Amino acid sequence: MVFRLVKSLDKAAATFGLIEPADRIVVGISGGKDSVGLLYLLWWQRRIHAHTHELLPVHVADSAVGDGPAHALEAWLARLDMPLLTVRANLRPPPDARRSPCFSCSWNRKKALFETAERLGSSVVALGHHSDDVAVTALMNLFLQGRFGGILPIQAYFQGRFRLIRPLYFVSERSLQRLARVERLPVSNTICEFSAASRRTLARSWLDSIVRDHPYAKRSLLGALHRQAMAGVVPGAAAVVDDSLDQESGLGL
């Protein structure tokens, strides 16, 4: 199973030019199945192909609640010969926040990852958004913002100083669930207090409802989004879009 999923990472990397040989890649890892699965597959990908890029796992802990699953992650990563760096950030929305709690958390996490990447001499940040996240985001954008577009596999931030990559672009959530179970990955099942009422949860219910009646609908949606991404992404180029205030939730971490 690992080798099949690594092929999906290889496809994304080759199609969109995600990774360069000299990259030092900060991998955001919260302890959820998506981020843990991402790091595990990147580790295997580097091992299989003898790649020279460096993986730098970074856990962003909410300063209001402590380090969360950091200790369990440290023990697991020690077996993979990778140290974990834990940084603390205020992920809570301000009392007068005009944006949703999900937006505030997502942006604060990304900000902490970018700042950490800069300190580590890295210009690449990898997040664990998978193909289901891509489809759900497209529905959110279409029905709530009046525009068609999903999560891009590669984006430039801050005038190209950083590039954000999503190596799981072609990997489904179901595959990550199975990977975590089969490989016994140290996945934390912490549930966000805002998730039940989030727009992403609502959009996920839309997608599930559509797929129940039309089983190939998600495949068709992802096909359309892939063609759109291909039109906007030149393989090997980092400057795709400077989307410093996007509308994603905190998924993928």
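The values are calculated or read from the model by the stated rules, or taken from the named source; none is laboratory data. Just so we're clear, the structure is a prediction, and the values are computed from it rather than from any experiment. In this analysis, Cβ positions are derived from the backbone assuming ideal geometry, glycine residues included, and neighbour counts consider all displayed protein chains.
Looking at region 114-217, the helices (runs of 4 or more DSSP H) lying wholly inside it that each contain 2 or more residues that are in contact with a helix residue (DSSP H, G or I) (Cβ under 6 Å, 6 or more places away or on another chain), aliphatic (A, V, I, L, M) and without any contact (Cβ under 8 Å) to a residue 12 or more places away in the chain sit at 199-213.
Pick out the one residue from GLU173, GLU183, GLU248 that is under 19 Å from the mean Cα position of the chain (by Cα), closer than 22 Å to SER30 by Cβ and at pLDDT 80 or above.
Numbers: GLU183 fails: under 19 Å from the mean Cα position of the chain (by Cα); GLU248 fails: at pLDDT 80 or above.
Among GLU173, GLU183, GLU248, only GLU173 is under 19 Å from the mean Cα position of the chain (by Cα), closer than 22 Å to SER30 by Cβ and at pLDDT 80 or above.
Residues in region 4-28 that are β-branched (Val, Ile, Thr), within 17 Å of the chain's Cα centre (by Cα) and closer than 19 Å to LEU152 by Cα: ILE19, ILE25, VAL26, VAL27. Considering (1) surrounded by fewer than 17 Cβ atoms within 10 Å (Cβ to Cβ); (2) of a type in the set (Gly, Ala, Ser); (3) within 27 Å of ARG184 (Cα to Cα); (4) modelled with pLDDT of 90 or more, the lone condition that ALA126 does not fulfil carries the number (1). From the list SER175, SER198, the lone residue that is out of contact with any Cys (no Cβ under 6 Å at 6 or more places or on another chain) and of a type in the set (Gly, Ala, Ser) is SER175. The residue that is surrounded by the fewest Cβ atoms within 10 Å (Cβ to Cβ), among those in region 140-158 that are among the polar types (S, T, N, Q) and closer than 21 Å to MET230 by Cα, is ASN141.
Restricting attention to region 1-28, the residues that are within 17 Å of LEU120 (Cα to Cα) and of a type in the set (Gly, Ala, Ser) total 2.
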